[in-house]
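Heads up, the thing below is written out as structure tokens.
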Amino acid sequence: MNTKPDNIHRLLKRAVKSQLEIGTSEIIINRNSGKSHINKCDGQTDVLNIASEIELFNEFDTSALGEAEFDSLEAHYEQICNCQKCPLGKTRNKFVYGVGNPDADLVFIGEGPGRDEDLQGEPFVGRAGKLLDKILEAIKFTREDIYITNMVKCRPPENRDPLPEEMEACNPYLIEQLRLIKPKLICALGRVAAQRLLDTKTPLGKLRGHWHNFMGAEVLVTYHPAALLRFQAYKRDTWEDMKKLRARYDEVTR
Ligand code: SF4
């Protein structure tokens, strides 16, 4: 069993909710063993009020993203498409908002538009985008099933990584997109997106393969398709990540 903190949290949350549904009001925790017991007391114990625990857990529900300010992605796009909040606004050709299903349960997030995306105004349309389409096809998704966007909506010159201050300036736009879409799952593509989203400096190799949490959505990290074009060796791990993503998607949308 996956005993990573996010997974434990999810399992514990599910257990507490099911107890609440059957009318149990308290959980007794045995501190000696570190295991939880329902209505059973042995060793040194604490009693938790389930209702207050649900409150605690709720900070991880997708409602933690807060209410959207806009009525739709279109309205949001219209409002921000001429943004000049950071220097990338001056050098872009096209603002690259995002594409896909506005009610998607799964959102893919990359770091920023590249040359082709900047020219066409759509994310992941160059070589890396074509590879992403193949990956999606392999796990039986189309672009209409999911939503794709980036941390920054304008192309960083010379395809450099977006700077922290550029991602900071653009982050409210991503948050609003997520508030409107309310995905259950997020797939962070590449180190830059993953580290910014999860607010960590942990290397991508250690982030991938596990479930993380971003304001209520479960996050899986994998390699950026552009990295796969350069390093064939990443393909096997990416395939494992994608199988995991598809299986979880099927579980949460059942
Ligand atoms: S990258 Fe984001 S914050 Fe910067 S100009 Fe473009 S839309 Fe605005």
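The values are calculated or read from the model by the stated rules, or taken from the named source; none is laboratory data. Nothing here was measured: the structure is a model prediction, and the numbers come from that model. Note that we place each Cβ from the backbone using ideal geometry, even for glycine, and neighbour counts take in every protein chain shown.
For this structure, a couple of remarks:
- Qualifying residue in segment 99-111 (condition: over 20 Å from the mean Cα position of the chain (by Cα) and at pLDDT 95 or above): no
- Filtered by the rule that a residue be within 15 Å of the ligand (Cβ to nearest atom), under 22 Å from GLY129 (Cα atoms), assigned to a loop (DSSP other than H, G, I, E, B) and in contact (Cβ under 8 Å) with a residue 40 or more places away in the chain, segment 62-106 gives ARG92, ASN93, PHE95, VAL96, TYR97, GLY98.
- Scope segment 149-187; condition closer than 14 Å to PHE124 by Cβ and more than 16 Å from the ligand (Cβ to nearest atom); matching residues: CYS187
- Residue match in segment 119-132 (condition: within 12 Å of the ligand (Cβ to nearest atom), out of contact with any helix residue (DSSP H, G or I) (no Cβ under 8 Å at 6 or more places or on another chain) and assigned by TED's automatic domain parsing to the domain that holds ALA226): no
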